[in-house]
Structure formats: C-alpha cells, structure tokens
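The values are calculated or read from the model by the stated rules, or taken from the named source; none is laboratory data. Note that the structure is a prediction, hence the values are computed from the model and not measured. Quick reminder, even Gly has a Cβ in these numbers, built from the backbone with ideal geometry, and neighbours come from all protein chains shown. These accessible areas exclude ligands, DNA and RNA; they are computed on the full protein's heavy atoms, side chains included. Shrake-Rupley method; radii C 1.70, N 1.55, O 1.52, S 1.80 Å.
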Amino acid sequence: GGADSPLRAQLDPFVQYCVDGLGVTVVQAAIRDGEPGILDLGALLAWLGVQPDTRRDRIALLGRGTGGTVALASLGLYGERLRGAISIDGSATVAQVMPIRRPVLLVRGLDQPPLDASSAEQLLWRLRGAKINSWFVAPRDRRDALSTPDEQATAWRVIAQFVAAQLVE
C-alpha cells in the first residue's frame, strides 16, 4: 500500500475470511506516507468507531511496504483503538516501536522488501524486548523473497493463524 502502489477495489479472499469468518475489521493501510497518512488513518478509525455494524474491539491494520510502515506507526499512536497489526515488508523506527502495546506480525519477503531479513529481525527483537506479542515470517534461505506459490501460501496461512490466535477474543 501507500502512494507508490494504491489499492484498487477488489474482493480479497483473505480479508473476507477475516471479516466473515473471524469478525475482524481489516483496515488496509494504502494511504499517504508519513505523518499525513497516519492522521488520515486516525480519522478513519474515528469514523469506524461510530459505525453501528463495526466491532470496535476487533480492528486490525494490514499494510504492505509503505502501508506496513504506516500500520506499525499507527499501532503505536492509535493502539487503544486497534487490536493489532500485520506489517508486510514495512519498517519502523525505535520511536515508532516504543509505544506499541498490541500484537504485531512482521512478514518479510512477500513482496520485494525494502529491508533485508536481518533488519526485520532487529525490529522483531525491539518489539519482543518491549514485551510485545510478536510473530515473524521470513524466507528460510534469506533470498529476501517468498517467491514460490507454496512459500506465499504458507505465509498467508501464518497470517491467518496470527489473526485467529491474537486478534480474536
């Protein structure tokens, strides 16, 4: 997500599974990068909070690339309104990680990652050092990509397990 690769309206089977099967509202962070994008997300969360058919206690962020970075930063800023975040090929600074108190799943290599797996592991250890429930998925051989259909399917299964285990009461 993000300005570099905006989402188009489409049926996403994974999001539909989260919504219909698990009752989780999934916000895909495909918004402006940086502070304006995080403020946009804050406005969206406020709007979702007053929708009568939305479970306000089951809102999760899902972002890719820049959207994954925004998901992590927003989880730190709006954590009281969110259940957790899935960051696919996103990054975060120490200052963005420090306020996070909700579960996080970091996925590396599902797209073309801006970070290598070792940088992502450093982010993971920062989260775990702060006692945040954190999961991590990355290519076993450090090629920087989950390139085969089987590898990608496995990553999506782990994402589904994370949502079911960590974001549903």
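Structure above, values below:
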read-out	value
Rough spin-label spacing in nm, given labels placed 7 Å along Cα→Cβ, for L39 and T93	1.7
Check: region 19-98 dipole with +1 on Lys, Arg Cβ and -1 on Asp, Glu Cβ, in debye	140
1.4 Å probe accessible area per residue over region 47-106, in Å²	39
